Amino acid sequence: MDLDLRGKRAIVTGGSRGIGKAIALQLAQEGVDVVLAARGKQALELAAAELNKQTGRRIVPLTVDTSSKASVDAMVAQAIEALGGIDILINAAALPGGISTATRLDEVVDAEALEDINIKVIGYLRTARALAPHLIANGWGRIVNIGGLAIYRTGRPVATLRNVGVAAITKNLADELGPKGINVTAVHPGPTRTESTNAAFEEWAATTNTLGRIIETREVAAIVAFLASPVSVAINGEAISVAGGSPGIIRY
């Protein structure tokens, strides 16, 4: 299938590693020029050089702190200038698993919970808010928010909360921006192989889905590329699990 992405321009936050980097690679392979945005300058520059070599597309590294409005606004303006416009936003800038490790109410630390929400939920809103006027003026756009499978599970209240927040803002943005040609969706990855995955994690991950193996970042990225494309127009405001299927759970 031709995703009709060639010539599009994207921002991928959290694009220097893990799922974000895999998404940037997939988009570039589809003919998209990409701004990689993250906090660490050195990691960004290395990732940009690597993806440029692999794909031949223009890959622009820009530092950003998504917990700061000023930083996000500046990055979006620089991205638009660098690529001559932006068509796609992938929000993936968040610490995998989150800051809070609380599994019980008495373990929840206010500051950690607020920072998790600030980075992942409000951070996603900041980037969408900064870019939305540009997308509206163009009459077309895609925003894909990366959540997490903790949205469906108890046991880590803050992790659940921040991913529920991602789904909530996704639907709100979709209802507001859909009539203006901008689709907004979310994907919820489960345990996924990244640069930091070890053998013990891989073995555990294989027990969490119906495939019996860990999910690869490229498999998540393929779904995101589809959602970022013009051919996904019939999907708006939805949150899609990309975790290999959850055993014993029926969602409808």
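The values are calculated or read from the model by the stated rules, or taken from the named source; none is laboratory data. In this text the structure is predicted, and so the values were computed from the model without any measurement. Please note: Cβ atoms are built from the backbone with ideal geometry, for glycine as well, and neighbour counts cover all protein chains shown.
Is it the case that Val76 is surrounded by 20 or more Cβ atoms within 10 Å (Cβ to Cβ), on the phi < 0 side of the Ramachandran plot and part of a strand (DSSP E or B)? The answer is no for Val76. Is it the case that some residue within region 89-108 is among the hydrophobic types (A, V, I, L, M, F, W, C), more than 16 Å from the chain's Cα centre (by Cα), crowded, with 16+ Cβ neighbours inside 10 Å and closer than 21 Å to Gly40 by Cβ? Yes, because at least one residue in region 89-108 is among the hydrophobic types (A, V, I, L, M, F, W, C), more than 16 Å from the chain's Cα centre (by Cα), crowded, with 16+ Cβ neighbours inside 10 Å and closer than 21 Å to Gly40 by Cβ.
Looking only at residues of region 28-47 that are part of a helix (DSSP H, G or I) and of a type in the set (D, E, K, R), we find that the one that is surrounded by the most Cβ atoms within 10 Å (Cβ to Cβ) is Glu45.
When we screen Leu62, Leu44, Leu51 for residues that are within 22 Å of Phe226 (Cα to Cα) and hydrophobic (A, V, I, L, M, F, W, C), the only hit is Leu51. Considering region 186-212, and only residues there that are hydrophobic (A, V, I, L, M, F, W, C) and assigned to a loop (DSSP other than H, G, I, E, B), the residue that is surrounded by the fewest Cβ atoms within 10 Å (Cβ to Cβ) turns out to be Leu211. Could you tell me whether Val12 is buried (at least 21 other Cβ atoms within 10 Å of the Cβ) and at pLDDT 95 or above? It is true that Val12 is buried (at least 21 other Cβ atoms within 10 Å of the Cβ) and at pLDDT 95 or above. Report whether or not Thr185 is under 21 Å from Asn145 (Cβ atoms) and polar (S, T, N, Q). Considered against the rule, which asks whether it is under 21 Å from Asn145 (Cβ atoms) and polar (S, T, N, Q), Thr185 comes out as yes. Of the residues making up region 6-27, those that are touching a Gly at 6+ places or on another chain (Cβ under 8 Å) and either part of a helix (DSSP H, G or I) or not basic (Lys, Arg) (or both) are Gly7, Val12, Thr13, Gly14, Ser16, Gly20, Lys21, Ile23, Ala24. Checking every residue in region 215-235 against the condition of being free of Cβ contacts under 8 Å to residues at least 60 places away in the same chain, exposed (fewer than 13 other Cβ atoms within 10 Å of the Cβ), hydrophobic (A, V, I, L, M, F, W, C) and within 27 Å of Leu5 (Cβ to Cβ) gives at least one match.
If the condition is being out of contact with any strand residue (DSSP E or B) (no Cβ under 7 Å at 6 or more places or on another chain) and within 11 Å of Ala93 (Cβ to Cβ), then region 13-37 contributes Arg17, Gly18. Filtering Thr194, Thr208 for residues that are out of contact with any helix residue (DSSP H, G or I) (no Cβ under 7 Å at 6 or more places or on another chain) and modelled with pLDDT under 95 leaves a single hit, Thr208. Considering (1) aliphatic (A, V, I, L, M); (2) under 14 Å from Val242 (Cβ atoms); (3) part of a strand (DSSP E or B), the lone condition that Val220 does not fulfil carries the number (3). Taking (1) modelled with pLDDT under 95; (2) in a helix (DSSP H, G or I); (3) of a type in the set (Gly, Ala, Ser) in turn, Ala130 satisfies each apart from (1).
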